[in-house]
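The structure appears below as C-alpha cells.
What follows is calculated from the coordinates using simple rules that are stated; it is not laboratory data. Since the model is a prediction, treat every value here as computed from it, not as a measurement. Note: ideal-geometry Cβ built from the backbone for every residue, glycine included; neighbour counts use all protein chains shown.
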C-alpha cells in the first residue's frame, strides 16, 4: 500500500514550503501543499507524537491549525488514491495520473471558475513546482510577472478568450518597446505562455485554441557570443588581484569553469568530494547526467590555493548577476580591450554594434571558452560533446565561437599538412 508523509522543501531557508511525499510500487510523487513553515518549528524527532508536523511550542502558536490542515491534506490524498484503486479493479495509478487526480481534488470549486491566464498560471506553477527543475519554475514565474505587468499596462484582464493573434502582436511589441527584450528573451516568454495555455486547455478551462496558430510563434535568432582564447585566459590567470580578494575569488572560480566546461549552476555547487584521483565527477543540474572531467593543471593550482581557506576547498560562489558584474571589471584590468562587432536586434532592426571585449565577458563565457579552445586544439568533437552535453555535432558547432582569423589559421595548418603528405608520397 502507499506510504504518505510530509517533508520540507529547503531546510536552509527561513520559511519553506511543506510537501506531501507519496510512495507506492516503486513510484514517488512530491506534491506541494501550499503550506509553509520555518524549519525551526518542524518536528524531526521520530519519537515525538508530532513527527513530520509542526512542533507543539508556544513559539509557534499556530501549530494546532497547521497540523490540522496537514492531517486533512494527507487524509484527502489517501482517499483519492484509494478511490482510484477501487474504481479501477485494484490497478494502481501512475505518477502523472495521481498528480492529475490530486490537482482536481485540491482545486475543486475554484480552478474551474478561473477565466484569466495570469491567475491560472499562478496556480499551475504551484502545482508543478516540485516536479519541475528550479530553473524552469524560475522562468515560469518570470513570465507570470510580465503577464501581470502587461495586464496592468493595457488596463484589461487577460481572460483566455483574449489570447489571440492580436494579443500576441501587441504583447511582443510591448516586450520590445517597454522591456527592451531581444528576440530570444521574448521567445522564452511566448514558450512559457504556451505551456500555461496548453495546461489550461487540457484541464478543460480554456477553449480558445488560437495560441496553437503558426503565427503565434516562439521568436528566436542566432546569438553571437565571445570566448576567451588561451592567451587571454593566461592573462587573467597571471593578473595580480591580491588587493581585491572578491575579484580574485571570482576570477579563480571563472577559470575553473574555463577548464571544466561546467555550467554556472553546477560550478557553484562544486565541492571537494566531487574531486577524486585527478578527476571531477558531478551530476549536472540541467541534464541529470554525470560528467567526468580531468583536473587541468591550473584548476589543480586553484584547488591547492583554497584547500584550507574554504569549506568546499574551492573559491566560494556568489550570485550569477554579481559575478558577471565583477568579471567585466576583472577582464578590463586584464586589458581584454579588443573591439568586438556584434549583430544585434534593436526594435525590428538588425544593426552592428561595437563592444569592448571585457564588456561581454560573463559566467557563460567560461563554458564556451572551454568548448571552443578544445575544438581549436584538434580534440575530437565527440569527446568534447560528452562533457558539454550537446547531442549533435551540428548543435555543438553552432555553440562554439571562433574568430575569423583563427578559422583562417586552422585552414592554413590543414593545407600545410596536406602539402607535406603529398611531398612524402
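The slack between residue 316 and residue 290, meaning 0.36 nm per residue of separation minus the straight C-alpha distance, is 7.1 nm. Average projection, convex hull of the Cα set of the range 109-242: 12.3 square nanometres. Take the Cα of residue 71, go 7 Å toward its beta carbon, and the backbone nitrogen atoms of the range 1-15 under 19 Å from that spot belong to 4-7. For the chain, the longest principal axis of the alpha carbon atoms and the long axis of helix 134-154 meet at an angle near 80°.
Note on residue 157 and residue 132: their simple-model spin labels are 2.4 nm apart, each label 7 Å out from Cα toward Cβ.
With respect to the chain, whose longest principal axis is taken over its alpha-carbon atoms, helix 165-177 is tilted by about 50°. Distance between the modelled labels on residue 62 and residue 379, one decimal in nanometres: 5.2 nm (7 Å Cα→Cβ projection).
Dividing the summed helix terms, -39500 (n - 2.57) for each DSSP H run of n ≥ 4, by the number of residues in the chain produces a 222 nm estimate of -15500 deg cm²/dmol to the nearest 500.
Legend: ranking of residues 53, 28 from fewest to most surrounding C-beta atoms inside 10 Å; resulting order 28, 53. By the count of other C-beta atoms within 10 Å, a proxy for reagent exposure, 355, 297 are ordered fewest to most as 297, 355.
Among 197, 1, 342, 74, a tally of other beta-carbon atoms within 10 Å of each Cβ gives an order, fewest to most, of 1, 342, 74, 197. Subtracting the Cα-Cα distance of residue 243 and residue 215 from 0.36 nm times their residue separation leaves 4.5 nm of extension gain.
Helix 320-333 and the longest principal axis of the Cα set of the chain meet at an angle near 10°.
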